[in-house]
Amino acid sequence: MLSYRHGFHAGNHADVLKHAVLVQLLAHMAAKEKAFSFVDTHAGAGSYSLGSDYAQKNKEFDSGIGRLWQAGGLPAALDGYMAQVRALNRDGKLHFYPGSPQIALQMMRPQDRLQLFELHSTESEVLQTYFSRSDRRVAVRAADGFAGLKSVLPPPSRRGLVLIDPSYEDKQDYARVLDTLRDALKRFATGIYAAWYPLVRRSEAQRMAAELEKLAAGDWLHASLRVCAPPDDGLGLYGSGVFVFNPPWNLEAALRETMPALVRLLGQDGSAAYGLKFRQT
């Protein structure tokens, strides 16, 4: 929805899961010399000050990235993710949280391209100022990412990674994610697609993973993290999931190490748990 501002939620447990997976996917894309395109359909502001009024209102980062900031003995995949967060906080203090566009920019090479969509007028202006005016590898569009994705698929290099992560404040987003992926897989069947979704007490959210599985003709991976029991009042985020179409061969092994650590570090009660399913055709 146009009222949604991710700054309120930057660095929370859902961001940690989503971006830990994203770093692994970007590293896989960059392992080959050939150029790739990264498309973010709901880019937000790109990066966030954790000292802002938005972030400070509920301090969701305290129970997310804040718990990992000083943690030691992390699995390799989480170390890689934390390296990207630290790259934006070089004085050793946690001031900023990198959104997916910032993480991608940090991991891109000269030959790669970044396509950002953001419909919120204020957020898209921030993206225009921060990214596209200083780096010709980056294109920012103040547009609906669901519709805009069609215009950039398939990428010229035929190597692409797409992140679809709307706010889901509008319940129609669940259906739009499915419709968008159905179309995208027809246009560019070999692309890697990561779809994030929230764990909330809403029927659409409860069915989301099963609906995504139905779309996948090839390999897929589904990682989910529950940090607490569903709230009694039916309101609030108690976890999230990431569904990856055409995942890299080594992603499942990396997450086998990562997910238990996330439960240990981010769990808020005895209901904290993870799920990890992988299908290879």
Subset of region 127-162 that is more than 15 Å from Ser37 (Cα to Cα), touching a residue at least 12 places away in the same chain (Cβ under 8 Å) and assigned to a loop (DSSP other than H, G, I, E, B) - its residue that is most open to solvent (accessible area, probe 1.4 Å): Ala142
Determine the pairs where a residue that is within 11 Å of Ile103 (Cβ to Cβ) and among the acidic types (Asp, Glu), located within region 77-88, has a partner that is modelled with pLDDT of 95 or more and buried (at least 18 other Cβ atoms within 10 Å of the Cβ) with Cβ atoms under 9 Å apart, the partner being 6 or more residues away or on another chain. none
So which residues in region 13-54 are farther than 15 Å from Pro101 by Cα, open to solvent by 10 Å² or more (accessible area, probe 1.4 Å) and part of a loop (DSSP other than H, G, I, E, B)? Ala31, Lys32, Glu33, Lys34, Ala35, Gly51, Ser52
Are any of the residues in region 114-126 touching a Phe, Trp or Tyr at 6+ places or on another chain (Cβ under 6 Å), open to solvent by less than 40 Å² (accessible area, probe 1.4 Å) and within 19 Å of Leu25 (Cα to Cα)? yes
Yes/no for Arg187 being open to solvent by 30 Å² or more (accessible area, probe 1.4 Å), charged (D, E, K, R) and within 19 Å of the chain's Cα centre (by Cα): no
Might you check whether a residue that is among the acidic types (Asp, Glu), within 17 Å of the chain's Cα centre (by Cα) and closer than 19 Å to Gly7 by Cβ occurs anywhere in region 154-172? yes
Would you mind telling me which numbered condition in (1) open to solvent by less than 50 Å² (accessible area, probe 1.4 Å); (2) modelled with pLDDT of 95 or more; (3) of a type in the set (Phe, Trp, Tyr); (4) under 24 Å from Thr129 (Cβ atoms) Phe96 fails? (1)
How many residues does region 259-278 contain that are in contact with a helix residue (DSSP H, G or I) (Cβ under 8 Å, 6 or more places away or on another chain) and farther than 23 Å from Val200 by Cβ? 2
Residue that is farthest from His13 (Cα to Cα) [pool: residues in region 211-258 that are in a helix (DSSP H, G or I) and open to solvent by less than 30 Å² (accessible area, probe 1.4 Å)]: Leu212
Result of the Cβ filter at 6 Å on region 109-123, keeping first residues that are under 18 Å from Gly44 (Cα atoms) and partners that are in a helix (DSSP H, G or I), at least 6 apart or interchain, is Leu114/Ala104; Gln115/Val152; Leu116/Pro101; Leu116/Leu127; Phe117/Gly145; Phe117/Gly148; Glu118/Ser124; Glu118/Leu127
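The values are calculated or read from the model by the stated rules, or taken from the named source; none is laboratory data. Everything quoted here is computed from the prediction, not taken from an experiment. Methodologically, a virtual Cβ is constructed for each residue, glycine included, from the backbone with ideal geometry; neighbour enumeration extends over all protein chains shown. Keep in mind that these areas ignore ligands, DNA and RNA; they rest on the heavy atoms of the full protein, side chains included. Shrake-Rupley method; radii C 1.70, N 1.55, O 1.52, S 1.80 Å.
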